[in-house]
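Below you'll find the structure, written out as structure tokens, and then a few comments.
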Amino acid sequence: MYEGEENIYYFAILDEEKNILAWSSRYEGYLPFSSQDSGRTEPWVLSSPVGKIYNRLSPFSGNDGKVYYLYLGYSLRNLEEMTARSNRDFLLMFSFLVAVGLVFFLGIFELQKKYLAKTEEAEEAHREKERFREISAFTSAVAHEIKNPLN
């Protein structure tokens, strides 16, 4: 019935009183269902030697109008592998983004450093021009006074 589905470990059909009518298990004689499980309405997870198993007890109506229950044990091994792979991929992506961000901010820092150096250079050139202008004004005043006779 579930030949192609390797993740289903066991299933059972139960009647209205939750007595087992039929069941099948991938592991001979292994059906972890007890009277305390028969009252459960929410799914639960079992830890077993083969890994975690998701268990669900779901009601359904048969052709005769009676209520039956399907008890299903599904392997979470693939989910655990997928979670581990997702965690690894997340760490890789996070590391990549941190590296890109670091390179980006280092680039901005270098650009700012160059900008500040150019600004300092321009200010120094402006001060030098201002000094030469003042010297030029002074020397031209002295030259003017030397050229003109003193009264």
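Read the figures in this text as sums done on the coordinates, not as results from a lab. Just so it is clear, the structure is predicted and the values come from calculations on it, not from any experiment. Reconstructed Cβ throughout: ideal geometry from the backbone, glycine too, with neighbour counts over all protein chains shown.
Charge tally around residue 67: other residues with Cβ under 14 Å, Lys/Arg +1 each, Asp/Glu -1 each, net -2.
Distance distribution P(r), region 46-91, all Cα-Cα pairs, bin width 5 angstrom from 0: 6, 18, 15, 15, 12, 12, 9, 7, 3, 2, 1 percent.
Seen against the Cα atoms of the chain and their longest principal axis, helix 77-147 is set at about 10 degrees. Against the set (1) 250; (2) 118; (3) 107, the structure's computed volume of the Cα convex hull per residue in Å³ falls on (1). Under a Gaussian network description of the chain, with springs only between Cα atoms under 10 Å, the residue in 134, 120, 16 that fluctuates furthest is 134. Computed 3J(HN,Hα) for region 63-70, one whole-Hz value per residue from the Karplus formula 6.51 cos²θ - 1.76 cosθ + 1.60 where θ = phi - 60°, is 5, 7, x, 7, 8, 10, 10, 9, glycine and proline marked x.
The value of relative contact order for the chain, using C-alpha pairs under 8 Å at least six residues apart, is 18 percent. Distant-in-sequence amide contacts of residue 26, defined by a placed amide H-H separation under 5 Å and a gap of 5 or more residues or a different chain, comprise 10. Estimated from the Cβ-Cβ distance and a Förster radius of 35 angstrom, the FRET efficiency linking residue 109 and residue 141 is about 0.15.
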